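What follows is a short report on a single structure.
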Amino acid sequence: MSDFRRWFLPGATYFITVVSYDRRPILTSDPARKILREAIARTRKTYPFHVFATVLLPDHWHLVLQMPSGQTDYSVRVKSIENRFTRTWLANELGEAKVTGSQAANHERGIWQPRFWEHSVRDELDLERCVDYVHWNPRKHGLVERVRDWPWSSFHRFVTEGQYDACWGGTMPTSIKAKSSWGEP
């Protein structure tokens, strides 16, 4: 039996990593981006939250999610987004990966990994590390030479707001060098 535990803190901020099933590179496709945007918007109507920072890569998604004051269940929000995405993806006959027999018996589909990774943001310095990691991620994975060249990132909003220089990310930010796996292998 697993002793996996999540921390639920009222009004907290969380760094979350969600991975496509079998790391299939589907998430940056045109249909996936549209379906994900719609799933987020629909989920926010039922379960409010704020996406502080985000980056979408072909096989995983990082976000820094801020919960409304007094609310704790970020997990229901992530699962709602995944479920809405999955239903729409399958309804559009966009295919899925083959799942194991036990996963099929549990009605799991081959779109998302069964769990997501989360980290409770502790303070402003930790928030800065998480946001830096989100924005550095396409460069980390060798998808671009310059962070600003990755289109599916909140980095561009942060530049517009004056939080980053457009040339930020030429080298790995020192703020993220000591952090662990960030939910990635």
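The values are calculated or read from the model by the stated rules, or taken from the named source; none is laboratory data. Because the structure is predicted, anything quoted here is derived from the model rather than measured. FYI the Cβ positions are ideal-geometry reconstructions off the backbone, even for glycines, and counts take in every protein chain you see. Side chains included, ligands, DNA and RNA excluded: accessible areas come from the protein's heavy atoms. Shrake-Rupley method; radii C 1.70, N 1.55, O 1.52, S 1.80 Å.
Note on the range 50-66: residues that are open to solvent by 10 Å² or more (accessible area, probe 1.4 Å) and not in a strand (DSSP E or B) amount to 2.
Checked against the criteria, Ala41 does not count as modelled with pLDDT of 95 or more, aliphatic (A, V, I, L, M) and within 14 Å of the chain's Cα centre (by Cα). Only a single criterion out of (1) in contact with a helix residue (DSSP H, G or I) (Cβ under 8 Å, 6 or more places away or on another chain); (2) among the acidic types (Asp, Glu); (3) surrounded by 14 or more Cβ atoms within 10 Å (Cβ to Cβ); (4) over 16 Å from Leu63 (Cα atoms) is not satisfied by Glu108, namely (1).
Would it be correct to say that Glu93 is in contact (Cβ under 8 Å) with a residue 40 or more places away in the chain, among the acidic types (Asp, Glu) and out of contact with any Phe, Trp or Tyr (no Cβ under 9 Å at 6 or more places or on another chain)? No: the conditions fail for Glu93. Determine, yes or no, whether Thr43 is open to solvent by less than 10 Å² (accessible area, probe 1.4 Å) and out of contact with any helix residue (DSSP H, G or I) (no Cβ under 9 Å at 6 or more places or on another chain). Here the answer is no, as Thr43 does not meet what is asked. Please specify each residue of the range 77-99 satisfying the condition of being open to solvent by 70 Å² or more (accessible area, probe 1.4 Å) and not hydrophobic (A, V, I, L, M, F, W, C). Asn83, Arg87, Asn92, Glu93, Lys98, listed by residue number. Does any residue of the range 102-109 turn out to be under 25 Å from Asn137 (Cα atoms) and not in a strand (DSSP E or B)? No. When the range 89-135 is filtered for residues that are closer than 16 Å to Glu184 by Cβ and touching a Ser or Thr at 6+ places or on another chain (Cβ under 9 Å), the ones remaining, listed by number, are Trp112, Gln113, Phe116, Trp117, Glu118, His119, Arg129, Cys130, Asp132, Tyr133, Val134, His135.
One residue is enough: does the range 88-97 have a residue meeting the conditions in contact with a Gly (Cβ under 9 Å, 6 or more places away or on another chain), part of a helix (DSSP H, G or I) and modelled with pLDDT of 95 or more? Scanning the range 88-97, I find at least one residue that is in contact with a Gly (Cβ under 9 Å, 6 or more places away or on another chain), part of a helix (DSSP H, G or I) and modelled with pLDDT of 95 or more, so the answer is yes. Annotation note: Cβ proximity below 7 Å between a residue of the range 55-73 that is over 17 Å from Arg122 (Cα atoms) and a residue that is among the charged types (D, E, K, R) (sequence gap 6+ or interchain) occurs for Leu56/Arg33; Asp59/Arg23; Asp59/Arg24; His60/Glu184.
The residues in the range 113-169 that are touching a residue at least 12 places away in the same chain (Cβ under 8 Å), part of a loop (DSSP other than H, G, I, E, B) and either within 16 Å of Leu56 (Cβ to Cβ) or open to solvent by less than 50 Å² (accessible area, probe 1.4 Å) (or both) can be counted, and the count is 11. Surrounded by fewer than 17 Cβ atoms within 10 Å (Cβ to Cβ), under 15 Å from the mean Cα position of the chain (by Cα) and modelled with pLDDT of 95 or more - does that describe any residue in the range 13-21? Within the range 13-21, not a single residue is surrounded by fewer than 17 Cβ atoms within 10 Å (Cβ to Cβ), under 15 Å from the mean Cα position of the chain (by Cα) and modelled with pLDDT of 95 or more.
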